[in-house]
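J.: Have a look at this one before I ask anything.
Where a number appears in this text, it was derived from the coordinates with a stated rule and is not lab data. Everything quoted here is computed from the prediction, not taken from an experiment. Methodologically, a virtual Cβ is constructed for each residue, glycine included, from the backbone with ideal geometry; neighbour enumeration extends over all protein chains shown.
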Amino acid sequence: MLQKIREGVGRWIAGIILGLIAVAFIFWGVDPTIMGSTFAAKVNGEDISLFDFERAYQAQQSQYQDLYRTEMSPDLQREMRLAALEGLIRNEVILQRVQSEGYRISDERLIQEVRLRPEFQVGGEFSLDLLRSRLITEGISEEFFLELQREQLALFELQNGIARSAFFTPTELARYVELYYQEREVAYAIFEPENFRDQVELDESDILDYYENNRAQFFSEESVDIEYIEIQQSDIEGDVEVTEEVLRSFYEQEQYRFQTEEERRARHILINSPQEDSDAESRALEILTRLESGEEFETLAAEFSEDAGTSSQGGDLGWVSRGLLVGPFEDALYAMQVGEVQGPVKSDFGYHLIRLDEIRAGDAQSFEELRDDLVADYQSSRAEELFYNQANDLADRAFDAFDELASVAADMGYPLQTFAGLTRTGTVSPVDNSVPLIQAAFSDEVLEQRENSGLVEVQGDHVLVVRVVEHNLPAEQQLELVRSNIEEELIRLASISLAEIAAEEFLSQITNNLTPPQTTGSEEIEVASDVQIDDQERAESALSILAAEHGGIWNDARWVERTDQTVPSEILGAVFLGQPVLSQVLNQQIGLTNGGHAVYSVYGLRVGNEDSLTIAERSQLNNQLGQQVATHELTSYVSEVRQQATVRIPETVLDPPLF
């Protein structure tokens with residue numbers, strides 16, 4: 001966005017998924033000469049450009065900062081740069097393998113796949129105008145888009161080929177069922193630290209000792225007090241005036257968006273032959289003769305067409321518009337009458353026999369039909385234009401003012417806003433996306449030299465300039481200021497310790513003095529030397545009472561699966577870790593992520609049984625296991641191809657940039 005403001009060029013943002021590796025294309029310019037190399041890596045002699053590498057890295061960096069809202073260390077930057085480059089390398093080696101193994105996507109298949117994309121449909125029908133409008137918005141040419149889709153489909157074919165070759169044996173399936181549907185009978189008690197807070201007693205020496213031993217913790221965080229001026233596009237839209245004359249002029253300018261081109265529906269029969277081939281042409285002529293003798297086009301297409309994407313539909317290409325087909329094919333199609341058959345027509349893919357089935361004339365929506373949409377579109381378009389102009393003006397004025405913003409705010413009519421206590425971690429911030437603001441406020445120019453910042457892009461439609469009014473250095477906090485925090489921390493730590501002790505005592509007691517209950521039968525169970533229990537319900541009750549006496553909550557024994565959602569994940573993971581001895585009860589203690597502790601008992605194990613599965617479960621399991629095997633095969637294939645590749649990476653490429 002900053003580049004657009006300064007240079008006045010169109011927005012250049014495109015999100016493209018290339019098969020196995022997802023790369024978000026956010027086009028920020030980088031001067032390759034700064035890096036000391038003209039490429040980021042060479043893969044089997046083919047270059048990965050610095051431009052592609054930097055935009056992939058910056059996309060990852062942006063995602064990280066949006067998630068964690070903090071600056072990255074040089075080590076983390078290097079690690080992330082390596083990850084971004086490795087993704088591009090793997091993408092390149094797979095694309096090379098796709099090409100070397102001869103995966104080719106015909107124009108017909110490409111068109112069919114694009115037409116099926118819901119983002120390019122209106123009312124369930126493909127809209128070429130919508131596609132072109134999207135591409136214009138994202139700054140992508142039709143040729144570039146179609147080539148990327150062709151690569152994506154080729155990668156998908158490779159992936160499908162590997163997935164189809166993956167298999168598993170009946171023995172593997174049976175073993176998988178035994179493990180995946182395995183159940184374990186488990187009961188557990190949880191000892192939460194919160195239940196022990198009232199038992200904690202602190203004295204003054206505890207607080208003083210903690211303060212003295214941890215003085216380094218008790219410093220205020222470095223912060224700055226700032227002034228800033230912000231502009232948001234949403235604030236401008238409501239001020240855009242819309243007159244009838246302006247709206248009609250806008251309709252005329254944008255009319256191409258509201259028109260549909262003439263479309264034609266056709267079928268074809270393809271005989272593959274990239275080069276001139278008399279045998280292929282002869283086969284096409286033989287099929288043409290059979291068509292002329294009255295045989296059904298759909299039947300012959302299903303039998304002879306070598307276009308895998310359309311042959312099963314009788315050669316149906318669906319509705320197509322100009323610009324979507326290869327030249328000779330399109331020229332022939334648009335010279336035909338409905339019902340006419342033409343061919344053989346030679347293209348880069350072979351010889352086509354074409355039948356035109358229908359023609360749908362183009363249409364345009366009227367001004368009145370579109371009035372409400374036109375108002376909204378014009379306001380948004382005009383507000384965007386005004387936003388960029390005002391943002392550019394703000395940047396220039398802040399630069400000229402150098403070290404004060406009051407005059408800028410007064411001249412532009414925007415309020416001069418203030419905020420105290422902005423820290424490097426951005427715990428509290430005047431804007432939702434604090435990372436760009438923090439980077440600007442703590443830069444050398446703004447923090448040390450007290451200059452106005454350049455234009456800070458908070459979001460694509462939200463910018464600001466900032467200056468530092470006061471720099472607040474870390475300062476040691478007196479005991480009374482942090483006393484409540486220390487008390488809370490000491491109580492928390494003591495509560496965790498008491499919960500652990502209670503769990504240990506409970507575990508010791510049930511292990512040494514109690515045989516836990518069995519749900520599969522009833523027998524005499526010893527709870528204490530003078531108490532006898534002869535059924536499961538009373539045993540569970542005794543355990544519940546015992547857990548409560550130790551400050552815990554008992555959960556009765558039941559059978560659980562690996563996918564159970566009611567048992568805490570730490571307990572469930574421990575319960576299914578390892579194989580229990582069926583003749584013995586397993587009693588264990590485990591710490592929980594919240595500081596609490598649990599004691600669990602495993603009483604039994606039941607393996608999954610394939611015969612007990614319903615048809616739906618069996619089908620789901622086959623799909624699930626097939627996907628796992630295919631994913632493993634695909635991952636192994638990509639790793640193998642990567643290892644076989646000759647890759648050269650210049651030494652300086654992975655170093656964090658100095659700008």
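J.: List, in order, the whole-Hz ³J(HN,Hα) value for each residue of region 633-642 obtained from phi through the Karplus relation with A = 6.51, B = -1.76, C = 1.60 and θ = phi - 60°; use x for Gly and Pro.
T.: Working through the residues one at a time gives 5, 5, 4, 5, 5, 4, 5, 5, 4, 4 Hz.
J.: Residue-wise, which Karplus ³J(HN,Hα) couplings in Hz belong to region 608-614, taking 6.51 cos²θ - 1.76 cosθ + 1.60, θ = phi - 60°, and x for glycine or proline?
T.: x, 10, 4, 5, 7, 6, 6
J.: Could I ask something else about it? What is region 96-241 by shape, rounded, prolate or oblate, if you read a ≥ b ≥ c off the alpha carbon gyration tensor as root eigenvalues and call it rounded for a/c under 1.5, prolate for a/b larger than b/c, and oblate otherwise?
T.: Note, shape of region 96-241 comes out oblate.
J.: Can I ask one more? Expected output is a single nm value to one decimal: the length gained when fully extending between Phe367 and Asp47, i.e. 0.36 nm times separation in residues minus the C-alpha distance. What is it? Intermediate results must be reported in sequence, preceding the final value.
T.: Numbers: separation 320, 0.36 × 320 = 115.20 nm, distance 5.04 nm.
Stretched out fully, the Phe367 to Asp47 stretch lengthens by 110.2 nm.
J.: Quick one: which of 627-639, 163-175 comes out on top by average Cβ neighbours within 10 Å, and what's the full order, highest first?
T.: Most protected by this proxy first, the peptides run 627-639, 163-175.
J.: Ok, one more. Residue by residue through region 624-629, what is 3J(HN,Hα) from phi via Karplus (6.51 cos²θ - 1.76 cosθ + 1.60, θ = phi - 60°)? Round to whole Hz and write x for glycine and proline.
T.: 5, 5, x, 5, 5, 5
J.: Just to confirm a number: summing +1 for Lys and Arg and -1 for Asp and Glu over residues other than Asp377 whose beta-carbon lies under 13 angstrom from that of Asp377, what do you get?
T.: Every neighbour counted, the sum reads -3.
J.: Quick one: helix 204-213 against the long Cα principal axis of the chain, what's the angle to the nearest 10°, folded into 0 to 90?
T.: The helix 204-213 is inclined about 50 degrees to the chain.
J.: Between the helical axis of 536-549 and the dominant principal axis of the chain, each derived from Cα atoms, what acute angle in degrees is found, rounded to the nearest 10?
T.: In the chain, helix 536-549 runs at an angle near 80 degrees to the longest axis.
J.: Right, something else. List the residues whose amide H sits under 5 Å from the amide H of Ser49, counting only those 5 or more places along or on another chain, with H placed 1.01 Å from N in the peptide plane.
T.: For Ser49, the qualifying residues are Ala40.
J.: Provide the net charge surrounding Ser141, with neighbours chosen by a C-beta distance below 11 Å and charges set as Lys +1, Arg +1, Asp -1, Glu -1. Don't jump to the answer; show the numbers that get you there.
T.: Working: positive: Arg132; negative: Glu138, Glu142, Glu143, Glu147.
Around Ser141, the charge tally is -3.
J.: In nm, what is the difference between 0.36 nm times the number of residues separating Arg424 and Arg78 and their Cα-Cα distance?
T.: 122.5 nm is the gain from fully extending Arg424 to Arg78.
J.: What spacing in nm lies between the two simple spin-label points modelled at Leu67 and Leu179, each 7 Å away from Cα in the Cβ direction?
T.: Going by the 7 Å Cα→Cβ label model, 2.8 nm.
J.: Mind grabbing the base-10 log of I(q)/I(0) for region 262-361 at q = 0.12 Å⁻¹? Debye formula, identical points on the C-alpha positions, no solvent, two decimal places.
T.: Debye output, listed in q order: -0.33.
J.: With each run of n ≥ 4 DSSP H residues scored as -39500 (n - 2.57), what mean residue ellipticity at 222 nm is computed for the chain after dividing by its residue count and rounding to the nearest 500 deg cm²/dmol?
T.: Taking each H run of at least 4 residues, the total per residue is -15000 deg cm²/dmol.
J.: What distance in nm lies between label points placed 7 Å from Cα along the C-beta direction at Thr652 and Ser293?
T.: Taking the simple label geometry, Thr652 and Ser293 are separated by 7.3 nm.
J.: Calculate the FRET efficiency for Gln217 and Glu404 from the Cβ-Cβ distance with a Förster distance of 56 Å, rounded to the nearest 0.05.
T.: 0.90
J.: If you don't mind, another one. Once R0 is set to 35 Å, what does the formula 1/(1 + (r/R0)^6) return for the Cβ-Cβ distance between Glu488 and Ile553, expressed as a FRET efficiency to the nearest 0.05?
T.: 0.90
J.: For Gly595, list long-range residues whose amide hydrogen, built 1.01 Å from N in the peptide plane, is under 5 Å from its own amide hydrogen.
T.: Here the answer is none, since no amide H 5 or more places off falls under 5 Å of that of Gly595.
J.: Is the C-alpha gyration tensor of the chain telling us rounded, prolate or oblate? Criteria: a/c under 1.5 is rounded; beyond that, a/b larger than b/c is prolate, otherwise oblate.
T.: Judged from the Cα gyration tensor, the chain comes out oblate (a/c at least 1.5, b/c at or above a/b).
J.: Amide H of Ser273 versus every other amide H placed in the peptide plane: which residues, excluding those fewer than 5 positions away on the same chain, fall under 5 Å?
T.: Result for Ser273 returns Gly350, Tyr351.
J.: Please give the peptides 202-208, 397-403 ranked by average Cβ packing (other Cβ atoms within 10 Å per residue), highest first, as a rough proxy for protection. Present the calculation step by step, with values, prior to reporting the outcome.
T.: Details: 202-208: 11.4, 397-403: 15.7.
Put in order of decreasing packing, that is 397-403, 202-208.
J.: Under a plain spin-label model, where a point goes 7 Å from the Cα along Cα-to-Cβ, how far apart in nm are Glu241 and Ser380?
T.: Placing both labels 7 Å along Cα→Cβ, they lie 2.4 nm apart.
J.: Run the numbers for Asp198 and Arg562: contour at 0.36 nm per residue of separation, minus the present Cα-Cα distance, in nm. Could you put the intermediate results ahead of the total?
T.: On the way: separation 364, 0.36 × 364 = 131.04 nm, distance 3.62 nm.
Roughly 127.4 nm would be gained on extension.
J.: So if R0 is 35 Å, what FRET efficiency would Ile359 and Gln624 give, r being the distance between their Cβ atoms, rounded to the nearest 0.05? Provide the component values of the computation, followed by the final result.
T.: Details: r = 47 Å, r/R0 = 1.35.
Once rounded, the FRET efficiency stands at 0.15.
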